[in-house]
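Presented below is the structure to which this report refers.
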Amino acid sequence: MRPLILAVLLVSLSLAPAQASLDIGPDTSGLSIGNSPVWSGVRLNFADYGIERIRGLNFTVWRANGDGPAEGTIDGVGLGIWGPKAERLRGLHVGIAEVVGGDEVTGVGVSLIGVGAGTTSLFGGEEFGYGRLRGIHVGGIGLAAASDISGLAIGGLGMGAGQSIRGIAVGGLGMGVGEDLTGIAVGGIGMGVGEDLTGIAVGGLGA
């Protein structure tokens, strides 16, 4: 892993400001090292900025756009030392610090710290009134969606949705839903639903 990160960093720093990436392949497909905005195939970059559409395998070292808004779409496999971030993440996405979709994360999202949708960052970023998680998502510390969650969602300490949850939701200490929950909800200490609950609810101390 260290040689790969070093190679990506060195190539990224060596590129001229006007040259976004070193591309190997026809048109916008093949292997790209650097910040190519549109690419299909394998893409290696230090920190994503201003992406439009990436298809295939996308590997990044650092956080995308800092605390700025998530941009573009990543379809396929997104891997990151910090973690994948885009307006729409679809497929398998894995990061150490966070996996963030400004609008949606669909498929599988896994992070040692957290997975979220509807925010620019899980670390004090700007939040929106929309943002959906669909599929299987696991956040080692927490997991949150500004609007809806559907599928299987697990937050090591806690998890929540601003609107509704459909499926199975587990929060190590607690979990909460702003509106309705349909399925199975488990909070280690407690869990709560703002409106209707249909299914099974378990809270260590209360529900």
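The values are calculated or read from the model by the stated rules, or taken from the named source; none is laboratory data. Keep in mind the model is a prediction, meaning the values are calculated, not measured. Glycine gets a Cβ as well: all are built from the backbone with ideal geometry, and neighbour counts include every protein chain shown. SASA here: full protein model, heavy atoms, side chains in, ligands and nucleic acids out. Shrake-Rupley method; radii C 1.70, N 1.55, O 1.52, S 1.80 Å.
Quick notes on this one:
- Accessible surface of region 45-96, 1.4 Å probe, proportion on carbon and sulfur as whole %: 63
- The chain, dipole about Cα centre (Lys/Arg Cβ +1, Asp/Glu Cβ -1), debye to the nearest 20: 620
- Placing unit charges on each Cβ (+1 for Lys and Arg, -1 for Asp and Glu) gives the chain a dipole about its Cα centre, and among Gly124, Val38, Leu143 the Cα reaching farthest toward its positive end belongs to Val38.
- In sequence order, region 145-157 has phi-based couplings of 10, 5, 10, 10, 10, 9, x, 10, 10, 10, x, x, 9 Hz under the Karplus curve 6.51 cos²θ - 1.76 cosθ + 1.60, θ = phi - 60°, and Gly or Pro positions carry x.
- Computed from Cα positions, the angle between helix 2-14 and the longest principal axis of the chain comes to roughly 60 degrees.
- Direction-averaged projected area, Cα convex hull, the chain: 10.9 nm², rounded to one decimal.
- Protection proxy ranking, peptides 182-188, 170-176, average beta carbon neighbours within 10 Å, highest first: 170-176, 182-188
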